[in-house]
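Asker: What follows is a single structure, and I will ask about it in a moment.
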Amino acid sequence: VIPTPKSKFWSAPTLPWMGFGNNLSLTPLHTLMIYNALANNGRLMKPYIVNAILKDGKILDEYTPEAIVENICSESTLEQLKTCLVGVVTDGTGKSLHNPFYQIAGKTGTALVANGTRGYADHIYQSSFAGYFPADNPKYSCIVVIKNKPFAKKYYGGVVAGPVFKEVADKLYARDIR
């Protein structure tokens, strides 16, 4: 859900708040599609999970990659975004993901989550890290989203979701270099 000025949820601060993620409602899959598009040089792909359906070793149905949008932004904007996402890991809130063998590009996320009628009183956070690797020649894109317990001592995306992303990335990268 992305509000517009005609929406009943639109008010004066809506647009600036959208700049840092407030007032938006995206699934992790939609978020990952954006990072995957950046890794694919701006090409937004339709997600799919199954390559083929087999019965007794024979292909009944086959699925192939399908582009939804060829260029989500200009080449200049794409290069700036890629530089920023690498910077998150080299110099920003994702420094714990840095390693000397390959580069990760991505972004940490931390969101305060409402708890029904209690609102935000329970201090429940959702921590995330979304990105792709190796940054210079992407092969994988991944998102990790973790909903923390109320009043968790650690809840920032780089501290909670980042290490999970790094563990997955390290194992995939190590598997590929054999």
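The values are calculated or read from the model by the stated rules, or taken from the named source; none is laboratory data. Here the structure is a predicted model, which means the values were calculated and not measured. For neighbour counting, all protein chains shown are included, and Cβ atoms are generated from backbone atoms with ideal geometry for every residue, glycine included. In case anyone asks, the SASA skips ligands and DNA or RNA and just uses the protein heavy atoms, side chains included. Shrake-Rupley method; radii C 1.70, N 1.55, O 1.52, S 1.80 Å.
Asker: What is the ratio of the Cα radius of gyration of the range 1-95 to 2.2 N^0.38 Å, where N is its residue count, to two decimals? Mind showing how you got there, number by number?
Answerer: Working: Rg = 18.3 Å, N = 95, 2.2 N^0.38 = 12.4 Å.
Its radius of gyration relative to the 2.2 N^0.38 Å reference: 1.47.
Asker: Report the FRET efficiency, 1/(1 + (r/R0)^6), for LEU112 and ASN51, where r is their Cβ-Cβ distance and R0 is 41 Å, rounded to 0.05. Present the calculation step by step, with values, prior to reporting the outcome.
Answerer: Working: r = 39 Å, r/R0 = 0.95.
Efficiency computed from Cβ-Cβ geometry: 0.60.
Asker: Volume per residue, Å³, of the convex hull around the alpha-carbon atoms of the range 34-74? Could the numbers behind the result be given before it?
Answerer: Values: hull volume 2.6 nm³, N = 41.
Per-residue hull volume (Cα only) is 64 Å³.
Asker: Next question, about the same structure. May I ask you to give the solvent-accessible area per residue for the chain, in square angstrom, as obtained with a 1.4 angstrom probe?
Answerer: Values: 11960 Å² over 178 residues.
Heavy-atom accessible area per residue stands at 67 Å².
Asker: Once you charge only the Cβ atoms, +1 for Lys and Arg and -1 for Asp and Glu, what is the size of the charge dipole of the chain about its Cα centre, to the nearest 20 debye?
Answerer: Values: 19 positive and 13 negative charges, 133 e Å.
Roughly 640 debye, rounded to the nearest 20.
Asker: Is there a pair in LYS82/LYS166; LYS95/LYS149; LYS95/LYS147; LYS46/LYS154; LYS55/LYS171; LYS46/LYS82 whose C-alpha atoms are over 28 Å apart, and which pairs would that be?
Answerer: Numbers: LYS82/LYS166 18 Å; LYS95/LYS149 24 Å; LYS95/LYS147 21 Å; LYS46/LYS154 35 Å; LYS55/LYS171 32 Å; LYS46/LYS82 21 Å.
From the list (LYS82/LYS166; LYS95/LYS149; LYS95/LYS147; LYS46/LYS154; LYS55/LYS171; LYS46/LYS82), the Cα-Cα distance tops 28 Å for LYS46/LYS154; LYS55/LYS171.
Asker: Here is a follow-up. Tell me the relative contact order for the range 72-132 as a rounded percent, counting alpha carbon contacts under 8 Å between residues six or more apart. Display every interim value, and only then the final one.
Answerer: Values: 74 pairs, mean separation 16.1, N = 61.
Relative contact order of the range 72-132: 26 percent.
Asker: What share of Cα pairs, in percent, lie more than 16 angstrom apart in the range 106-178? Intermediate values should be presented prior to the final figure.
Answerer: On the way: 1380 of 2628 pairs.
Taking all Cα-Cα pairs of the range 106-178, the fraction more than 16 Å apart is 53 percent.
Asker: Under 18 Å from a point 7 Å along the Cα-to-Cβ line of ASN99: which residues of the range 154-172 have their amide N that close?
Answerer: What the label zone holds, given the 18 Å backbone N cut-off, is 158-172.
Asker: Another question about this same structure. Just to confirm the number: angle between the C-alpha axis of helix 28-39 and the first principal axis of the chain, 0 to 90 degrees, nearest 10?
Answerer: Orientation of helix 28-39: about 60 degrees from the principal axis.
Asker: Mind pulling the per residue volume of the convex hull built on the Cα atoms of the chain? Å³ is fine. Each step should come with its number before you reach the end.
Answerer: Working: hull volume 33.6 nm³, N = 178.
Residue-normalised Cα hull volume stands at 189 Å³.
Asker: Pop the C-beta distance of GLU66 and ASP91 into the FRET formula with R0 = 41 Å and round what comes out to the nearest 0.05.
Answerer: Values: r = 36 Å, r/R0 = 0.88.
Calculated transfer efficiency: 0.70.
Asker: Treating only the Cβ of Lys, Arg, Asp and Glu as charged (+1, +1, -1, -1), what charge dipole size does the range 94-178 show about its Cα centre? Round to the nearest 20 debye.
Answerer: Details: 12 positive and 5 negative charges, 39 e Å.
It works out to roughly 180 debye.
Asker: How high is the relative contact order of the range 17-76, in percent, counting Cα pairs under 8 Å that sit 6 or more residues apart? Can you show the working numbers first?
Answerer: On the way: 58 pairs, mean separation 17.5, N = 60.
For the range 17-76, the relative contact order is 29 percent.
Asker: Using Cα pairs under 8 angstrom and six or more residues apart, how large is the relative contact order of the chain, in percent? If you can, show how the numbers build up before the last one.
Answerer: Details: 285 pairs, mean separation 28.3, N = 178.
Relative CO of the chain lands at 16 percent.
Asker: Hey, another quick one. Each label point is 7 Å from the Cα along the Cα-to-Cβ direction; what then is the distance between the points at TRP17 and LYS147, in nm?
Answerer: 2.1 nm
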